[in-house]
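Remarks on the structure that follows.
The values are calculated or read from the model by the stated rules, or taken from the named source; none is laboratory data. This one's a predicted model, so the numbers in the text were calculated from it and none came from an experiment. Cβ coordinates were reconstructed from backbone atoms using ideal geometry, including for glycine residues, and neighbour counts include every protein chain displayed. Accessible surface areas use protein heavy atoms only, side chains included; no ligands, DNA or RNA. Shrake-Rupley method; radii C 1.70, N 1.55, O 1.52, S 1.80 Å.
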Amino acid sequence: MKLAFFLIAAAMIAAALFLLLWPLMRHGRQQGRSRKVFVLALALAFLLPIAAISLYLGVGTPVALDGVAHQPKSMSIDDAVGELKAHLAQQPDDLQGWMLLAQTYGVMHRAVEARAAYEQAMRIDADNSAAMVGWAEADSLQREDHRIDGRALELLERAVKLDPQSQRGLWLLGISQFQHDHYAEAATTWRQLQAQLDPGSNVAKAVVEQIAVADARAGNPGKTAPETPAAEAQGPALQVQVSLSPALKDKLGRGDTLFVYARAEQGPPMPLAVAKLDAAALPATVTLTDAMGMTPQFKLSSASRVFVGARISKSGQAMPQAGDLEGDAGVVDVGTRNPIRITIDKVH
């Protein structure tokens, strides 16, 4: 930045002050006031701008006035993560650093890395309930079926004991209980969460809806707002008729489990609705609804088109296994009211 710029600026400020002060000086002289006062005022008018600019040059940031100055290079999220990881390599016991890294990975949808970072946070603070909840959530997101069980469930149970006000922990614990068909427990957990929410908020309304679904599954309909079951009945209802191909009847064994499911045409592989029956009931008719979602946030009404299939599981597990018997009806509109027919005619 050139010195001439500052000199010109100082001269302009001084000139403006002179034009302002000169009439005042003349008026003051006519009133009999001392000349020294006005001489001092003029001196200050000239010296103050120069002093201010000199001070700014010494301790300010004159580069900010330079229109052609180079701006600092912007940092991408990957750059920020790289710097944070480098910092943690030097200071591996920085709890807040690991929590920030884990949360950043979560925003980036990198569940495996987020879980590893939460693991480091728990290494430093074994009673960190936020890290426990984060680990459980990241673990479920990296699984194809998004189930919360095993260590994830244990961590959630411990987290809500340590922090009963953990809203995220209560929500996820209720989801896990719902996934394991413990509907009454899920409703109880979500009621504990509901008590902490603003009754008029969208979150509270969503929790009320899920409590109604859990109550209905547990055989306690009407325990919550009466309009919720009615609204639910007006949602999608896919009637699926399932039969077994005669060619595979000799492969049907005692204790085999029939799963009838619908999953989004595009999206995660986790079913939006699933029914579990004894395979000996074939042929069978099942109606898939929102109340049959594996988790409250993934349900039939969240998709416009779904893939509908049926599987006979030898192991009784929802995840496909070698030797399972399968069939499907392809992709259908979620709002269809026509019966959907599936013949199980393939071996996985």
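Sorted from largest down, what three extents in whole angstroms do the Cα atoms of the range 273-312 have along their principal axes?
Extents along the principal axes, in whole Å: 31, 18, 15.
Under unit Cβ charges (Lys, Arg +1; Asp, Glu -1), what dipole magnitude, rounded to 20 debye, does the range 241-348 have relative to its Cα centre?
Dipole of the range 241-348, to the nearest 20 debye: 80 debye.
Order these peptides, 80-89, 185-194, by their mean beta-carbon neighbour count within 10 angstrom, highest first.
Result, highest mean Cβ count within 10 Å first: 185-194, 80-89.
Using a 1.4 Å probe and counting only protein heavy atoms, arrange ILE77, ILE175 so the residue with the most accessible area comes first.
Listed by decreasing accessible area, they come as ILE77, ILE175.
Only four residue types carry charge here, +1 at the Cβ of Lys and Arg and -1 at the Cβ of Asp and Glu. Report the dipole size of the range 118-202 about the Cα centre in Debye, rounded to the nearest 20.
That gives a dipole near 120 debye.
Just the Cα atoms of the range 66-203, one point each, no solvent: what log10 I(q)/I(0) does Debye give at q = 0.18 Å⁻¹?
Summing over Cα pairs of the range 66-203 leads to -1.01.
So for each of 156-168, 128-140 I average, over its residues, the number of other beta carbons within 10 Å; can you give me the resulting order with the highest mean first?
128-140, 156-168
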